[in-house]
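Let me begin by presenting the structure, written as structure tokens, before commenting on it.
Here, each number is a calculation from the coordinates, and none is a lab measurement. Note that the coordinates shown come from a computational prediction; the quantities given were computed from them, not determined experimentally. We place every Cβ from the backbone using ideal geometry, glycine too, and count neighbours over all the protein chains shown.
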Amino acid sequence: MKIKKIDKKKFRIRNKIKKISANDRFRLSVNRSTRNISAQIIDDKNRKTLVSATSISKDIKSQKKNKKELSTLVAEELAKKAKEKKITKVYFDRGGYKYHGRIKLLADELRKNGLEF
């Protein structure tokens, strides 16, 4: 079975981050579809998701926003949950996506709200 180009890129990016993130930080993984965006903070050492936020959740979905505004709302919610768990430093795993558009908006909003990466 042939591996797709995008899957190779995701694998390459994630493995670099996983090697480094075992030390002191968690991994912030982003997933984007045509309509929605989701992000989660993962502890690779214990293989557990610590915090997650998505645009499919009821409180965000009810606000009827465009895609860019949804990504900022998801970032605000994720940052708020991370502060409650006392998480401040993470590695940003953009998956195979370019650091552009909604991914960049999400990252900038997370930085504004106190996460370091």
Expected 222 nm ellipticity per residue - DSSP helices of 4 or more, -39500 (n - 2.57), all of the chain, to 500: -13500 deg cm²/dmol
Do any of Lys10/Lys58; Lys5/Lys67; Lys8/Lys68; Lys8/Lys58; Lys48/Lys98; Lys4/Lys86 go past 31 Å between their Cα atoms, and which? Lys8/Lys58; Lys4/Lys86
Cβ crowding within 10 Å averaged over residues, with 90-96, 40-46 ranked highest first: 90-96, 40-46
Two-site label geometry, Lys16 and Lys98: point separation in nm, points 7 Å out along Cα→Cβ: 1.7
Enter the Cα centre distance for the pair region 69-113 and region 1-63, rounded to the nearest angstrom. 11
Per-residue Cβ neighbour rank within 10 angstrom, fewest leading, Arg111, Arg35: Arg35, Arg111
R0 of 22 Å, Cβ-Cβ distance Ile3-Asn31: FRET efficiency to nearest 0.05: 0.70
Going fewest to most other Cβ atoms within 10 Å around each Cβ, Lys48, Lys83, Lys2 line up as Lys2, Lys48, Lys83
